[in-house]
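Since the structure comes first, as structure tokens, the remarks are kept for the end.
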Amino acid sequence: MKKNTFYLMCGCIALFLLAIFWYSVEIHNPLFIEIAFLLGIALAYLARKKVTDLVEDERSAKITEQAVLRTFQVFWVVFCAFSIGAVMQILYIPQSPKVFFTQPPPALLSPRMMGYFQLALLCLMIFLYVGFRIYYARKYGDWETDEE
């Protein structure tokens, strides 16, 4: 298996775990997601052993470094923007005490959906890394062969 296939597989495992987490919340059984999480980690570990194109040289280190840096730069901006909006929504207080609301203003996302969205953003981080890894591998010529 190739590295990028492995990374995509990890992203799919994360999405599957997100679905199991949702189901676990719905049935009120935290043991279900805990066992699934441990099995997902074990599956990722076993799949990592099957990766065949792990060549660690200066070029692959540079590609990994750039991909991790760009993933972090993009992800923290998106995650922070969402989290700030979520906190502002939770901490909403009416401007004037003279105005009494019979019901609070409609929320964009419920607190439960905010949690799901944050978990989905964590899955997005894996896919961002794969995308940046592919981009920098092409940029630095990781897939070119030196053989003639």
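The values are calculated or read from the model by the stated rules, or taken from the named source; none is laboratory data. Keep in mind that this is a model prediction, so the values were computed, not measured. Heads up, the Cβs are rebuilt from the backbone with ideal geometry, glycines too, and the neighbour counts pull from every protein chain shown. Each accessible area value is taken on the protein alone, full model and side chains, heavy atoms only, with ligands, DNA and RNA left out. Shrake-Rupley method; radii C 1.70, N 1.55, O 1.52, S 1.80 Å.
Couple of notes before you dig in:
- Residue among 19, 120 that alone is open to solvent by less than 50 Å² (accessible area, probe 1.4 Å), modelled with pLDDT of 80 or more and part of a helix (DSSP H, G or I): 120
- For first residues located in the stretch 34-50 and under 18 Å from residue 5 (Cβ atoms) and open to solvent by 100 Å² or more (accessible area, probe 1.4 Å), partners that are of a type outside the set (Val, Ile, Thr) and at pLDDT below 95 and lie 6+ apart or on another chain with Cβ distances below 6 Å form the pairs 50/1.
- Scanning the stretch 1-16 for residues that are among the basic types (Lys, Arg) and either on the phi > 0 side of the Ramachandran plot or surrounded by fewer than 17 Cβ atoms within 10 Å (Cβ to Cβ) (or both) turns up just one, 2.
- Restricted to the stretch 63-79, and to residues there that are open to solvent by less than 50 Å² (accessible area, probe 1.4 Å) and either polar (S, T, N, Q) or not in a helix (DSSP H, G or I) (or both), the residue that is farthest from residue 137 (Cα to Cα) is 71.
- In this structure, residue 83 does satisfy being at pLDDT below 85, assigned to a helix (DSSP H, G or I) and within 25 Å of residue 18 (Cβ to Cβ).
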